[in-house]
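Okay, so here's the structure we're looking at.
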Amino acid sequence: MDDAGVIIAFWILAGLTVGSALGIAGSRNLIHAVVFLITTLMGLAGLYITLSADFIAIVQILVYVGAISVLFLFAIVLTPTANRTNQDGFLALPALALCTLVSALLIFVALDTEWNTPDHAGFTETATSIGALLLDKYVLPFEIASVLLLVAVIGSIVLVRPEPVDESVEAE
Amino acid sequence: MIGAMIPLLKGEWYDLRDLSNLVDEVLTGLDDLGLPAWTEYVAASLLGAVGIFLWTILSVLAFIWIERRVVGLMQNRIGPNRVGPNGLLQPLADAFKLLLKEAITVKGADKWVFWAAPVMIFIPTLAVFAVIPFNEKMILADLNVGVLFLIAIAGINTPVVFLAGWSQNNKYALLGAMRIIAMLISYELVQVLALLGPVLFVSSMRMADIVAWQDHYNTWIFFIQPLGLLAYIIAGAVETNRSPMDIAEAESEIVAGYHTEYSGIKFGFFYQAEYLAGFAVAAAVVALYLGGWTAWGLEKWVPGWIIYIAKLYVVFFVYIWSRGTLPRLRIDQLQAFAWKFLLPIMLLNVVVVGAEVLIWRENELSAGEALPVIGLVNFFFGVAMVVGWARFLGHGKGKQTGAGAILTQDVGAIFYKGEPA
């Protein structure tokens, strides 16, 4: 992080990420929260790029911005009571306390850990090695994950499939 | 005379055959000023972005006129011919009209999202062009995950379109948004599977590498992946939002779909973004399947970026053509086509391509032997899959009753007794 450009990029992206994360927590409208979530995830992808993790950054946009946020939107639209104001609930104070504790813990860990700083070896592309590792060393977890996803897809189809109409009953 | 001048021009900034020389000139000039290294990146990206932006604006203005005239010809009418000679100034007049029109915000609309959505839709559609290799050196960001970048950035449109539809507090807009999301998600899968073909052959996701591979083997991936090209063009038509895939703004059913309540320049943003998405899909098709800036030696005589843009316009013309001729499909037909037809055959296609690449690499065959065989195998595989799978699903066997179109029966049209089909 010696280059001024990287530092400027980091602070812009960090501001975007943290600012919109606060927006998620602060917005009363759940759809607005999803808009902030999208910008947070994009900012995270940008931070991955400053860390030379090109593949992860693009996959972050592809999966989280392109797919997961749509899932959130559908979940919110399909929930009838999604528009109620739920910030004045009795759980507001415990939630605030819990969040403060968690963030305090994270800050403590971040400051206390002795981080290994890698030397600047230049940019090496990661997509090829990730692909090689997934299909070679970690092929079993990879396959298990894909079978799990397949089961989920088939399960959802079975759940929403209409009952087959019994033709013999209809004929009478 | 001209022949003698060409070597002199090589590498000079005013050499129009390679605009990257101009950028290099500016960047070395900046370097001489003693500015820090990162300003060079900012300047390079600004130059590229401005260049691409100007080109897209001019292309959109031109194609608004071309599309309306061509579709007019196809539908046996004249099209715009009042403003300027042959109606050439019609796009400019439309643009000024959009700029000057009142931008109405409807009652009950979510003002914040309503304002943000047109802006947010514009950024990804323009960002896609960053990885498009217009010429050997004319590529704004030669990412090593370029192909994935194409898909990922185009995918940002999905939530944004939904937000646009939701923010208007209008049920037709919401219906349009729902439809476009259903379409985009289903056809994105097909698009990714179609992209896997070229990526497997080249074994790189860098756009410049894919074009260089086609240049090296003196072939276009279209010839060894005809099925992939077909699937990609069909899946890409969803992003262009043109018929037969224009159910998202089907004006006879749901007013104007997800931009029903948008007016003035906000509507202009959606209109332009739609064109840009079409150009982006066409640009991707050219780079991945049609050889990019190469044209079997023609690139020595014509600047590569002109070849590239010419091919892009040809592919985009196919979309205009299909818009002028094909009827609009129903949502269930579109979804069934993606999930029951394109997805299975593209999955099989990936398996076949993987096997071919494996056999080619393992046996260390020369490209001259392997590529024609692969091309033939893939062509017949593609034909067999399209015909066979359609038969398997029970299509293409409509009752032939005289001169009636089988397709009309196939998509569920009702025929009454005695009526000629």
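Side notes on the structure shown:
- When +1 charges are put on Lys and Arg Cβ atoms and -1 charges on Asp and Glu Cβ atoms, the dipole computed for the protein assembly as shown relative to its Cα centre reaches about 2160 debye.
- Segment residue A:77-residue A:115, length gained on full extension (0.36 nm per residue, minus Cα span): 9.4 nm
- Contact-buried residues of the stretch B:139-180, at a threshold of 30 Å² lost accessible area versus the chain by itself: B:144, B:145, B:148, B:152, B:156, B:159, B:162, B:163, B:166, B:178 (1.4 Å probe; DNA, RNA and ligands ignored).
- Size-normalised alpha-carbon gyration radius of the stretch B:249-300, reference 2.2 N^0.38 Å: 1.75
- Using a probe of 1.4 angstrom and keeping all protein chains present, the accessible surface of the protein assembly as shown works out to 56 square angstrom per residue.
- Among B:287, B:273, B:355, the largest mean-square fluctuation in a Gaussian network model of chain B, built with springs joining Cα atoms closer than 10 Å, belongs to B:355.
- Chain B, Cα convex hull volume normalised per residue, Å³: 198
- Equivalent ellipsoid dimensions for the protein assembly as shown as semi-axes, Å, which come from the Cα gyration tensor, largest first: 37, 35, 30
- Taking only alpha carbon atoms, the stretch B:159-212 gives an Rg to Rh ratio of 1.28, where Rh is the Kirkwood radius.
- When the other protein chains are added to the chain by itself, burial of at least 50 square angstrom of heavy-atom accessible area (probe 1.4 Å, ligands and nucleic acids ignored) affects these residues of the stretch B:82-122: B:112.
- Long-range amide H partners of residue B:294 with built H, under 5 Å: none
- Taking each DSSP H run with n ≥ 4 as -39500 (n - 2.57) and averaging over every residue of chain B yields -21500 deg cm²/dmol at 222 nm.
- Under Karplus coefficients 6.51, -1.76 and 1.60, residue-wise ³J(HN,Hα) of the stretch B:202-208 in Hz, glycine/proline x: 7, 6, 7, 9, 7, 4, 4
- Comparing the full protein assembly with the isolated chain (1.4 Å probe, heavy atoms, ligands and nucleic acids excluded), the residues of the stretch B:36-51 losing at least 20 square angstrom of accessible area are B:38.
- In a fully extended conformation the segment linking residue B:350 and residue B:45 would gain 106.3 nm over its present Cα-Cα distance, using 0.36 nm per residue.
- Taken over the alpha carbons of the stretch A:39-80 as equal point scatterers, the Debye sum produces base-10 log I(q)/I(0) values at 0.19, 0.25 Å⁻¹ of -0.55, -0.75.
- Rolling a 1.4 angstrom probe over the stretch B:232-390 with all protein chains present gives an accessible area of which 73% lies on carbon and sulfur atoms.
- Simple spin-label estimate for residue A:29 and residue B:252 gives 3.5 nm between the two label positions (7 Å along the Cα-to-Cβ direction from each Cα).
- Assuming charge only on the beta carbon of Lys and Arg (+1) and of Asp and Glu (-1), the dipole of the stretch B:142-301 about its Cα centre is about 80 debye to the nearest 20.
- Quick note on the stretch B:68-187: its Rg to Rh ratio, both from C-alpha atoms and Rh being the Kirkwood radius, is 1.07.
- Residue pairs exceeding 27 angstrom between C-alpha atoms, taken from B:266/B:340; B:101/B:171; B:171/B:266; B:137/B:311: B:266/B:340.
- The interface between chain A and chain B buries about 2200 Å² of solvent-accessible area in total (1.4 Å probe, ligands and nucleic acids excluded).
- Computing FRET efficiency as 1/(1 + (r/R0)^6) for residue A:67 and residue B:218, where r is the C-beta to C-beta distance and R0 is 51 Å, gives about 0.85.
- For chain B, the relative contact order comes to 18 percent (Cα pairs under 8 Å, sequence separation of at least 6).
- Taken along the Cα-to-beta-carbon direction at a fixed 7 Å, the label points for residue A:143 and residue A:163 span 4.0 nm.
- Only one residue of B:349, B:335, B:58 has its Cα farthest out toward the positive end of the dipole of chain B, where Lys and Arg carry +1 and Asp and Glu -1 on Cβ, and that residue is B:335.
- Test item: Cα-centred dipole of chain B, Lys/Arg +1 and Asp/Glu -1 on Cβ, debye: 1780
- Applying 1/(1 + (r/R0)^6) with R0 = 25 Å to the Cβ-Cβ distance of residue B:54 and residue A:11 gives a FRET efficiency near 0.20.
The values are calculated or read from the model by the stated rules, or taken from the named source; none is laboratory data. Because the structure is a prediction, the values reported are computed rather than measured. In this analysis, Cβ positions are derived from the backbone assuming ideal geometry, glycine residues included, and neighbour counts consider all displayed protein chains. Ligands, DNA and RNA are stripped out before the accessible areas are found, and what is left, the full protein with its side chains, is counted by its heavy atoms. Shrake-Rupley method; radii C 1.70, N 1.55, O 1.52, S 1.80 Å.
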